[in-house]
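Asker: Sending over a structure as structure tokens; questions will come in a sec.
FYI, it's all coordinate maths here, none of it is from the lab. Source: prediction; values computed, not measured. Cβ: placed from backbone, ideal geometry, glycine included. Neighbour counts: every protein chain shown.
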Amino acid sequence: MDTIKNELSSPFLTMTGIGKSFPGVRALSNVDFSLRRGEIHALMGENGAGKSTLIKVLTGVYLMDEGSVTIEGKPVVIRSPQDAQKHCISTVYQEVNLCPNLTVAENLFLGREPRSLGLISWRKMNKQAAELLQNLNISASPTSQLDSCSIAIQQMIAIARAVNTNCKVLILDEPTSSLDDDEVNKLYSLMRKLKAQGVGIIYITHFLEQVYEVCDRITVLRNGELVGEYLIENLPRLELVMKMIGKELEILENLKVEKDESLFSEDEQPMIEAQGLSSGPSKVTPFDLKMHKGEVVGFSGLLGSGRSELVRSIYGADKTVQGKLFVNGKHARISKPLDAMKRGMAYLPEDRKADGIIADLSVRENIIIALQTRYGLFKRISRKETERFADEYIKLLSIKTASRETPIKSLSGGNQQKVILARWLLTNPSFLILDEPTRGIDIGTKTEIQKLILKLASEGKSIAFISSEMEEMLRTSTKIVVMRDRHKVGELAGKDMNQEVIMRTIAGGESNNGCR
Amino acid sequence: MVADNKKIDYRKQSTGLSIKKILSSRLIFPLVVLLIVVIQNVITTPSFFNISITNGLLSGYIPNILDEASELVIVTLGMTLITAACGGQDISVGAIMAVSASFCGLMLNGSEYRTEVFHNPYALALIVGLIGGAMCGAFNGFMVSVLKIQPMIASLILFTAGRSIAKQITYGQTIYIMNPSFKYLGVQIPGVPVRTTILVTILMVLIVILLVKRTSLGMFIESVGINGSASRLVGLNSSAIKFMAFVFCGVLAGVAGLVGSSGVGSVNSGELGLYIEMDAILAVALGGNMLGGGKFSIAGSVIGAYTVQAITTTLYAMSIRADQLNVFKAIIIVIIIVASSEVFKSKFRALTDAFTRKVFDKNANDGGVEK
């Protein structure tokens, strides 16, 4: 490609030594970033790496604490999104923010409609819109209403709108998460077209395949710091994954796994068995899975790889559209969480705030609610008993709370998580799904939760465990399922279960370690 | 100086705890408003607390207010549950009252618009009336829980159409039920010195409290109202709970409608429970409930409803003309709503804090070492 030309041409946009702090968190420190004209530049990093903070600094949503931005060599100050517009920087977000009830042309020209004699000239507007759409190969009619177009087309119209404001830097923030393969390809051809026109594109995505398909250059961030900037040819996938997660190969090889290697015979009846399971909105390709009594299965993969969606489909959190689930050998029809709970399942969701805690209810009520819904409306657990349960678990998990009647929202994150764990332990489940139980939790609590997982497994419970921290999963799991781009791509156990193989499997592509 | 600071901190903690606890109780606000209304009444009418027996009935200011508030209290109970579960309000309760009463009237009067003979047993007519209310509630509930329409918009349908439907049921006219036993429910059962309305209200409050406290319904409703997504994941069927709340609200509105029509001895679907939905929403707000759903207090709502009625009665007692009544009511409501708003509360708290600090500083300096 034209990387040589890119190498020679000086950057159009440079950000140097960017630093940004929020109360208690250093979101960015000393990050450099540069973008040339006519390149597609991937900005990569795991959750909390600082990608979105960097973008928000660039687009004037946040003011940076330190550092400088130059455009075409001249220093600029971007204080607001309007400033960013003025400097020809446009952003298209994951969710299309256009007006669905206006026409395509109206959306394209909203706020700067072509006028004649002070009135909007609809003829002129539709004509210009048609030209613009044709120019960018977008198959949409200017006069059709926006919400009659597919999401992909809407996404492209958002891009067209951005580009039409004479934009030189286009930021695409996860534009493909809701698109299917065909639509993604259409988006790529649009991106390549813009690239040829000299627009610099900053591309944020969680999908590795996509990065290698369209991007020229990659900047990797980790924990708010710059890891490096690489030409795509110089950075194989495996290395990219390692740079994102933050492990070097040599270190990995020295890592020893501290866990008893009790393997499970294949002929033993699995507690949970999925055959070609897939659920509605999740778009995870149908998968098979077996989990045995006393087994901890880790689910690994980058964010957005479908690991959460996979476990959600077992629990019935999303409606199953195909495949079968067997619990202890019996076919289980699970259409809602209550069905799963009745079969002894428990689910600790990834997003504690949105899906876990019931903020205004007390710690006690949050602990007993799952058991109470199992009992139903009329078999009310007496107040005395609920107090006893609450006290028992507050003590057992050493939950720090002023009292059992304190609203859960006033507890710290770690303690909220323990309350939710208590909620499920109280229902005495035989199969627990723990999605990121240790995220955002202090190290002490983390170890407690890991110990608890091992203890529960030794009691004969089966546990599905998701964590972004690989050591944690290696320490606790007997088997690791690897996900990539919404596919289940491998199952690792025994000697294959080490960081290197896992990362190779996550990265996929060029290194195939017999798993796929 | 350091010592002074310590002293202030200490004082703040020791006095703060108990006062803060009382002030932060959600019942304090409606109680204070009710108290103000009562005091105002005591000043203007010295006979406020007098209770006598006339015609075998307790009478006086207080029994009067209790009687007149009955319909509002009963409707407010349902409104509270809906508000908690859906974070929205049902504005069709007044119309549902009319529908329910019309069903009952139809059963009793047949096709006659004025008669003394019951065509069907009274009890059966009441049950049919309640079923009518339940059906209306089910319609609203279906719109909200299945079709996911905003509660206020969903209930707008029956708000608009309910009274016409009610009128159609009674052949397009006001019907008069002249059998004296019809008034048992809305006035008095012979030999009982208390108005039946008051007894029915107490019964309804007890039923709702039992249902909310003795089953898990209260917690489930709050849970669904606070976080629908998390509630689903712990196995709650939030649609069913919302639907149930609406049906229940419909039945309660039905009870209010039956009580109301019995009280006047006729079914006039244009007048029965007119504008009661607004008073009920106000009562729920006054009772310290979150209008956006979640935590609720039946006790608060009941106090709120009695307060709203007490305000109306007081204004009448101050011989304010009916056409001016709403102006005065509006002024009082504005004051109450502003005083209970978070912005005002925090400003007020800051102000009192600053004031007490000033007083403390002064006291400390006065009592401390002279400069």
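Asker: If r is the Cβ-Cβ distance from residue B:165 to residue B:334 and R0 is 35 Å, what FRET efficiency results, to the nearest 0.05?
Answerer: 0.55
Asker: Using the Cβ atoms and a cut-off under 12 Å, what net charge is assigned to the surroundings of residue B:85, where Lys and Arg are +1 and Asp and Glu are -1?
Answerer: Within the 12 Å Cβ shell, the charges total 0.
Asker: If amide H atoms are built 1.01 Å from N in the plane of the peptide, which residues on other chains or at least 5 residues away come under 5 Å of the amide H of residue B:175?
Answerer: Amide H to amide H, under 5 Å and 5 or more residues apart or across chains, residue B:175 pairs with B:267.
Asker: Within 12 Å, Cβ to Cβ, of residue A:84, how many net charges do the neighbouring residues add up to if Lys/Arg are +1 and Asp/Glu are -1?
Answerer: +3
Asker: Given Cβ point charges of +1 (Lys, Arg) and -1 (Asp, Glu) and nothing else, what value in debye, to the nearest 20, does the dipole of the protein assembly as shown about its Cα centre take?
Answerer: The calculated dipole for the protein assembly as shown is roughly 1760 debye.
Asker: Report the charge-dipole magnitude of chain B in Debye, nearest 20, computed about the Cα centre from +1 at each Lys and Arg Cβ and -1 at each Asp and Glu Cβ.
Answerer: 1160
Asker: Which is farthest toward the positive dipole end of the protein assembly as shown among A:490, A:230, A:245, measuring Cα position about the Cα centre, with Cβ charges +1 (Lys, Arg) and -1 (Asp, Glu)?
Answerer: Farthest towards the positive end: A:245.
Asker: Counting helices only, and only those DSSP H runs with n ≥ 4, report the 222 nm mean residue ellipticity of chain B as the sum of -39,500 (n - 2.57) divided by its residues, in deg cm²/dmol to the nearest 500.
Answerer: -24000 deg cm²/dmol
Asker: Also, quick follow-up: Under the Karplus relation 6.51 cos²θ - 1.76 cosθ + 1.60, θ = phi - 60°, what is the ordered set of whole-Hz ³J(HN,Hα) values for segment B:28-41, x standing for Gly and Pro?
Answerer: For segment B:28-41, the Karplus-derived couplings read 4, 5, x, 5, 4, 4, 4, 4, 4, 4, 4, 4, 4, 5 Hz, x marking Gly and Pro.
Asker: Right, next: Work out the charge dipole of segment B:58-319 with +1 on the Cβ of Lys and Arg and -1 on the Cβ of Asp and Glu about the Cα centre, then indicate which of B:153, B:243, B:69 is farthest towards its positive end.
Answerer: B:243
Asker: Would you kindly calculate the mean projected area, averaged across all directions, of the convex hull enclosing the Cα atoms of the protein assembly as shown, in square nanometres?
Answerer: Computing the convex hull of the Cα atoms and averaging its projections yields 50.8 nm².
Asker: Once phi is turned into θ = phi - 60°, what whole-Hz ³J(HN,Hα) does the Karplus curve with 6.51, -1.76 and 1.60 give for every residue of segment B:289-296, x standing for Gly and Pro?
Answerer: Values, residue by residue: 7, 6, 6, x, x, x, 4, 9 Hz.
Asker: Specify which residue in the list A:315, A:298, B:204 is farthest towards the positive end of the charge dipole of the protein assembly as shown, using unit charges on the beta carbon of Lys, Arg (+1) and Asp, Glu (-1), about the Cα centre.
Answerer: B:204
Asker: Please compute, for the alpha-carbon atoms of segment A:96-165, the extent along each of the three principal axes and give them in descending order in Å.
Answerer: If we take the Cα atoms of segment A:96-165, the spans are 36, 24, 19 Å.
Asker: If I take R0 = 30 Å and measure r between the Cβ atoms of residue A:16 and residue A:469 in this structure, what FRET efficiency does the formula 1/(1 + (r/R0)^6) give, to the nearest 0.05?
Answerer: Efficiency for this residue pair is about 0.45.
Asker: Mind running the shape call on segment B:112-199? Use the C-alpha gyration tensor, a ≥ b ≥ c as the square roots of the eigenvalues: rounded below 1.5 for a/c, prolate if a/b tops b/c, oblate otherwise.
Answerer: prolate
Asker: Here is a follow-up. Given H placed on each backbone N at 1.01 Å, which residues far from residue A:492 in sequence or on other chains put an amide H within less than 5 Å of it?
Answerer: Result for residue A:492 returns A:480, A:481, A:482.
Asker: When the C-alpha atoms of chain A are aligned to their principal axes, what extent does each axis show, in angstrom, from largest down?
Answerer: If we take the Cα atoms of chain A, the spans are 76, 55, 45 Å.
Asker: Further, regarding this structure: Can you give me the three principal axis dimensions of chain B from its C-alpha atoms, in Å, biggest first?
Answerer: Cα extents, longest axis first: 93, 58, 37 Å.
Asker: Here is a follow-up. Once you charge only the Cβ atoms, +1 for Lys and Arg and -1 for Asp and Glu, what is the size of the charge dipole of chain A about its Cα centre, to the nearest 20 debye?
Answerer: Around 1580 debye, computed over chain A.
Asker: May I pose another question? Could you tell me how far the Cα centroid of segment A:315-361 sits from the Cα centroid of segment A:464-506, in Å?
Answerer: Result: 23 Å between the Cα centres.
Asker: From other protein chains only, count the Cβ atoms within 10 Å of every residue's Cβ in A:338-351, then give the mean.
Answerer: 2
Asker: Continuing with the same structure: Convert each backbone phi in segment A:404-412 into a coupling constant with the Karplus relation 6.51 cos²θ - 1.76 cosθ + 1.60 (shift: θ = phi - 60°), then list the ³J(HN,Hα) values in order as whole Hz, x for Gly and Pro.
Answerer: Once θ is set to phi - 60°, the couplings for segment A:404-412 become 6, 9, 5, x, 5, 5, 8, 8, 6 Hz.
Asker: Check each of the GluC sites (Glu not before Pro) in segment A:33-81 and keep only those in coil by DSSP with at most 14 other C-beta atoms within 10 angstrom; list them in order.
Answerer: Answer by residue number: A:72.
Asker: Give the distance, in whole Å, between the Cα centre of segment B:72-138 and the Cα centre of segment B:206-271.
Answerer: If you average the Cα positions of each part, the centres end up 14 Å apart.
Asker: Can you give me the long-range amide H partners of residue A:34? Hydrogens built in the peptide plane at 1.01 Å from N, cutoff under 5 Å, separation of 5 or more residues or another chain.
Answerer: A:15
Asker: At 222 nm, what value in deg cm²/dmol follows for chain A if DSSP H runs of at least 4 each add -39500 (n - 2.57) and the sum is divided by all its residues, to the nearest 500?
Answerer: About -10000 deg cm²/dmol.
Asker: What nm distance separates the two modelled labels at residue B:150 and residue A:335, each placed 7 Å from Cα along Cα→Cβ?
Answerer: 3.1
Asker: Simple spin-label model, 7 Å along Cα-to-Cβ: residue A:455 to residue A:102 in nm?
Answerer: Each label point is offset 7 Å from its Cα along the Cβ direction, giving 5.9 nm.
Asker: Cα centroid distance between segment A:208-239 and segment A:383-428, in Å?
Answerer: 43
Asker: What trypsin sites (Lys or Arg not before Pro) does segment A:97-198 have in DSSP loop regions with at most 12 other beta carbons within 10 Å?
Answerer: Taking segment A:97-198 and a limit of 12 other Cβ atoms within 10 Å, the loop trypsin sites (Lys or Arg not before Pro) found are A:112.
Asker: Follow-up question, since we're still on this one. Could you compute the net charge surrounding residue A:60? Neighbours are other residues with a C-beta less than 13 Å from the C-beta of residue A:60; K and R count +1, D and E count -1.
Answerer: Result for the neighbourhood of residue A:60: +3.
Asker: Once you put a point 7 Å from the Cα of residue A:110 and another 7 Å from the Cα of residue B:115, both along the Cβ direction, what distance in nm separates them?
Answerer: Reported label-point gap for residue A:110 and residue B:115 is 6.2 nm.
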